[in-house]
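Derivation of every value follows stated rules applied to the coordinates shown; laboratory data play no part. On a predicted model such as this, the values are computed, not experimentally measured, just so you know. Virtual Cβ from ideal backbone geometry, glycine too; neighbours counted across all protein chains shown.
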Amino acid sequence: MTAFCDELDDRVPAVPIREDIARLREDFLVLAAHEIRTPVTSLLLQLQLTKRMSEREPENTPAWAAAMLAVFDRQLGRLARLCDDMFQVRRVEPVQRASARSPVDLVALVREVVAAAVAHRPAARGAIAVAAEGAVVGRWDRSQIERMAFHLIKNALTFGEGKPIAIEVRATRARARLIVRDHGMGIAREDQERIFARFERAVPAERFGGLGLGLYIAHAAARAHGGAIRVESELGRGAVFIVDLPLAPRSLGRERAARAARAGRARPSRRGLARRSPELPLSAHLKLAHVKHAHHRAQRPH
């Protein structure tokens with residue numbers, strides 16, 4: 001029987017089984033997200049109503065109640081974002097293209113994400129520094145870029161071991177670059193490629209929570225804009241995540257029209273070459289033609 005099982009194992013393809021497991025995991029997460037989102041949405045509405053009432057009558061709101069409302073706000077926000085990530089399992093694909101593009105200042109967006117992250121993790125206050133020179137504006141899907149920045153910063157906070165985090169935003173003529181650097185536990189070289197895959201993790205699940213979707217979502221957002229994301233890291237020496245995004249995407253039709261126009265300017269027609277020499281400007285050719293016409297009229301017999 002053991003020999004039969006060993007022989008059977010060699011015949012069973014491993015890839016389809018892994019695909020089935022991934023599909024079952026997706027179905028479970030989407031179903032769980034639907035079930036969790038309804039009570040979370042209701043609780044968020046009740047929380048917002050309670051906060052408004054406490055802000056209108058601060059004298060009647062005890063200090064301990066205000067502190068509890070702040071805690072509820074942070075934890076419910078965390079649950080709501082977790083539900084969104086679970087929905088992203090099916091919505092986000094690496095080949096998806098960003099559709100809702102608008103001008104976005106990457107520097108301002110990153111500062112907003114950092115402020116939100118610090119609000120949810122007060123212990124991180126002062127640990128994150130953002131360096132940028134002026135605005136870096138591109139045409140991107142704001143929600144996707146915001147989600148990408150959030151997951152990169154969250155990843156640095158989770159695995160940075162409480163050490164300082166440095167974020168840099170800069171631009172070249174064609175691309176914007178976002179760099180998130182932590183000084184934490186680092187990532188082994190053999191794990192650096194697979195951490196961007198769905199449900200993949202390079203840390204033990206019993207020590208760190210999460211679904212293994214954050215870096216996958218960040219990678220998909222970068223790819224959706226024609227950009228790229230990579231990591232440079234060594235174990236025990238932190239990690240650097242580098243994102244490159246095109247600043248001014250151009251449609252395929254516009255690119256073809258531009259290439260055709262450039263080709264037309266580079267190759268003048270044979271008729272034009274026969275009529276006039278390319279060394280002289282058009283005005284000089286017109287004057288020369290006028291002189292020739294006058295000369296011919298003078299040569300005619302009266």
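Structure notes:
- In this structure the amide hydrogen of I165, modeled in the peptide plane, comes within under 5 Å of the amide hydrogens of I128, A129, none closer than 5 places in sequence on its chain.
- Between R230 and E200, the C-beta separation translates, for a Förster distance of 22 Å, into a calculated FRET efficiency of about 0.90.
- Computed packing ranks the peptides 139-146, 228-235 as 139-146, 228-235, most packed first, by mean other Cβ atoms within 10 Å.
- V130 paired with E112, simple spin-label distance in nm, labels 7 Å along Cα-to-beta-carbon: 1.0 nm
- Fraction of the pair-distance distribution of the stretch 101-246 above 25 Å, Cα-Cα pairs, percent: 22 percent
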